[in-house]
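Enquirer: Mind having a look at this structure? Questions to follow.
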Amino acid sequence: MDLQRAADLAIALAGEAGDLAVAERATARIEAKGAGADLVTHVDREAERRIVAALRDTYPEHAILGEEAGEQGAEESEWRWLIDPLDGTHNYVLGLDVYGVCITLCQRERPVVAVVHDSPRRRTFWAVEGRGAFVADASAEAGARPSRLVIDGESELSRATVAFTQGYEVGHDDPRRNELFDRLERRTKRVLRSWAPSSDWALLVTGGLGALVAYRNEIWDLVGGALIATEAGAASWTSADGDLVVVGRPDVVTALRELVTR
């Protein structure tokens, strides 16, 4: 398996999906999704359809899990793509430029290629396992090389901005979620809730955040961003039950682990 070839394809597909979202925002057709308050647009579905079509054409033997269409392809495959074609749909519908695209390739359960695209700003972040993390800006001068991402420096927890994200199935009355959020608000500088993990990952790897805390989050916008962050030098910790994941500056992750487990 040529992982760089897979990464190049995912980068191209994420950029095309992002451009589609930007072009179609003013005319997006909005529908209710599921039994709750979630939303979906024709852009979510069309972007995923295009990504899936390209992946199945290139890798017909691979499995695919998309946020909109669910499981597709070869169920027993060693390789599985995870797709969030429009991460931050609520922001998109509201007119907030905080949305993106997440595409990840896993070998069994391990993410090995990850792409996160910041659609409004046309920035693409990616990583291949063991080869570092990078960012490219489509608005940069022609011929400009991608920049390597490096998370460095230290930050006290009380001075750190921490992003918090949760899965769709987590309710307002979830006691663990509420206790976590209360502890974070009391001990950090600020808790950011963007409702778009793609944006949170971008802020983390470019130095704006101290960490991202994810509680029972969906896999398609979690594991790829975590790979990009750790390839850039971030630390990562997952609770024993797998429900809580913390990724960020090593000192902040250490402090957060002590905070959420005491």
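Each reported figure results from applying straightforward, stated rules to the coordinates on display, with no laboratory input. Computed from a predicted structure; not experimentally measured. Note that we place each Cβ from the backbone using ideal geometry, even for glycine, and neighbour counts take in every protein chain shown.
Enquirer: Could you list Leu149, Leu209, Leu94, Leu227 so that the one with the fewest beta carbons within 10 Å of its beta carbon is first and the one with the most is last?
Expert: Leu94, Leu149, Leu209, Leu227
Enquirer: Report the trypsin sites (Lys or Arg not before Pro) located in the stretch 1-85 that are in a DSSP loop and have at most 16 other Cβ atoms inside 10 Å of their Cβ, or state none.
Expert: Counting only loop positions with at most 16 other Cβ atoms within 10 Å, the trypsin sites (Lys or Arg not before Pro) in the stretch 1-85 are Arg29.
Enquirer: Could you check the spin-label model distance between Ala23 and Ala136? Points 7 Å from the Cα along Cα→Cβ, value in nm.
Expert: 1.9 nm
Enquirer: Order of Thr104, Thr27, Thr230 from fewest to most other C-beta atoms within 10 Å?
Expert: Thr27, Thr230, Thr104
Enquirer: Sticking with this one: To the nearest 20 Debye, how big is the dipole of the chain about its Cα centre, given +1 on the beta carbon of each Lys and Arg and -1 on that of each Asp and Glu?
Expert: Numbers: 30 positive and 43 negative charges, 169 e Å.
Here the size comes out at about 820 debye.
Enquirer: For the stretch 157-261, what's the relative contact order in percent, using C-alpha pairs closer than 8 Å and at least 6 residues apart?
Expert: 30 percent
Enquirer: Take the alpha-carbon centre of the stretch 56-103, take the same for the stretch 221-258, and report the distance between them in whole Å.
Expert: Going from one Cα centre to the other spans 22 Å.
Enquirer: A follow-up question, please. Counting just the Cα atoms, what span does the stretch 27-87 cover along each of its three principal axes? Round to the nearest Å and put the largest first.
Expert: Extents along the principal axes: 35, 24, 14 Å.
Enquirer: Please find the FRET efficiency linking Met1 to Ala144, where r is the Cβ-Cβ separation and R0 is fixed at 22 Å, and quote it to the nearest 0.05. It would help to have the intermediate numbers written out before the result.
Expert: Values: r = 29 Å, r/R0 = 1.31.
With R0 = 22 Å, the Cβ-Cβ based efficiency is 0.15.
Enquirer: If you don't mind, there's one more thing I want to ask. Work from the charge dipole of the chain (Cβ charges, +1 for Lys and Arg, -1 for Asp and Glu, about the Cα centre) and give the residue of Trp126, Val252, Ala47 farthest towards its positive end.
Expert: Sorting the options by dipole projection puts first Val252.
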